[in-house]
1. Considering Cα pairs under 8 angstrom that are at least six residues apart, work out the relative contact order of the chain and quote it in whole percent.
2. Per residue of segment 277-291, what does 6.51 cos²θ - 1.76 cosθ + 1.60 with θ = phi - 60° give for ³J(HN,Hα)? Whole Hz please, x for Gly and Pro, Karplus curve as stated.
3. Specify which labelled value, from [x] 6, 26, 29, 21, 13, 4, 0, 0; [y] 6, 27, 33, 23, 9, 2, 0; [z] 6, 27, 36, 24, 7, 1, agrees with P(r) over Cα pairs in 10 Å bins from 0, in percent derived from the coordinates of the model shown.
4. May I ask you to compute the full-extension gain from R301 to W184, defined as 0.36 nm times their residue separation minus their alpha-carbon distance, rounded to one decimal in nm?
5. Could you state the orientation-averaged shadow area of the convex hull built on the Cα atoms of segment 123-209, in nm² to one decimal?
6. Treating each Cα of segment 260-323 as an identical point scatterer and ignoring solvent, apply the Debye formula and state log10 I(q)/I(0) at q = 0.12, 0.20, 0.30 Å⁻¹.
7. Select from Q222, Q154, Q210 the residue whose mean-square fluctuation is largest in a Gaussian network model of the chain (Cα-Cα springs shorter than 10 Å).
8. Can you run phi through the Karplus equation (6.51, -1.76, 1.60; θ = phi - 60°) for segment 299-305 and list ³J(HN,Hα) in whole Hz, with x for Gly and Pro?
Amino acid sequence: MKILVTGAAGFIGSNLAGKLLERGHEVIGIDNLQYGFLRNIEPIAKHDRFEFILGDIANPYNIKDLRADIVVHLASQKIPRYTNALRTLEENYLMLRNVVQKCILDNSKIIFASTSDVYGKNPNIPFSEKSDLVMGQTTVKRWAYALSKMYGEQYIIANHDEYGLKYTITRFFGTYGPHQNLTWWGGPQSVFIEKALKKEPIDIHGDGTQTRTFTYVNDTVQALIHCIENNKSDNEIFNTGSLATSEISIKDLASLIWQLINGKHSEARLNFIPYSNFGNYEDVMRRVPDITKLCNTFNFRPSWSLEEGLKATIEWQKQFYSL
């Protein structure tokens, strides 16, 4: 198949593009390099079935002449802790609108990268695809990202109902690994690894008791491959993450990373930063997926433990520092 990947020079996009080429597909990658890096696609840049386009899909003219069987829409603005809420809302809508309209015109399928953030403050753990989506107050700009993805899901399904758009929605849970962004944009593990390598105090937002379920990028990509190649994914929503048993607190994640780098008897240096430092901000205290649907539909099971994945990620990330 011919597959268009938006955000192809980013973290998940570059890993996915490489795997798709290995499996014999043609890949068109587009990225504006705002958060992606050419180094991520350097290993595949000269592949005869890969084409890279430098462009912003918020501008529809950048994709008007492209044709693909499937569009994997990964490009996104994130939580307004890193950007502003208006930009998150506007850009995520504009990019998705352009991709959806393109898919309808070309009769292409869209695979949409949603987020575990859509479950918001729902206290019922683990989250299944049928769980309620519970947002906080509209005055807390943190929810702008989740709302942009919730709107995106509704927008896709509405276009399916009206125009027959074929889709798969994937709700990612904490993907990490090689090619991840090295700032907070890439998630806490990126920053924790850098601090631990430099033996500097690790900043923890809040008291560190909030939990997450992290997913090694190879498992995320394998789940996406199933969604791309198997028509059982048509017009379905899937949680894409690790097993619920891999839930870990942010404080324990920091300690684990520190000990993997500096020895199991080394005590992590942690610096706790109150949420009030981020203004009117609100965090999600637990985020755990039920991936039964993903596993049963595709006979899939995550193959990387958190410790195995972190070791591989640490080895990759070491190259960026003079230690």
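What follows draws every value from the coordinates through simple rules; no lab data is involved. The structure presented is a predicted model; accordingly, all values stated were derived computationally and were not measured. Virtual Cβ from ideal backbone geometry, glycine too; neighbours counted across all protein chains shown.
1. On the way: 629 pairs, mean separation 56.4, N = 323.
About 17 percent, as a whole number.
2. 5, 9, x, 7, 10, 9, 9, 8, 7, 9, 9, 9, x, 9, 9
3. Comparing each candidate, only [z] matches the computed number.
4. Length gained between R301 and W184: 39.3 nm.
5. On the way: hull surface 34.2 nm².
Computed as one quarter of the Cα hull surface, the answer is 8.6 nm².
6. -0.66, -1.05, -1.22
7. Q154
8. Going residue by residue, I get 6, 10, 8, x, 10, 10, 6 Hz, with x marking Gly and Pro.
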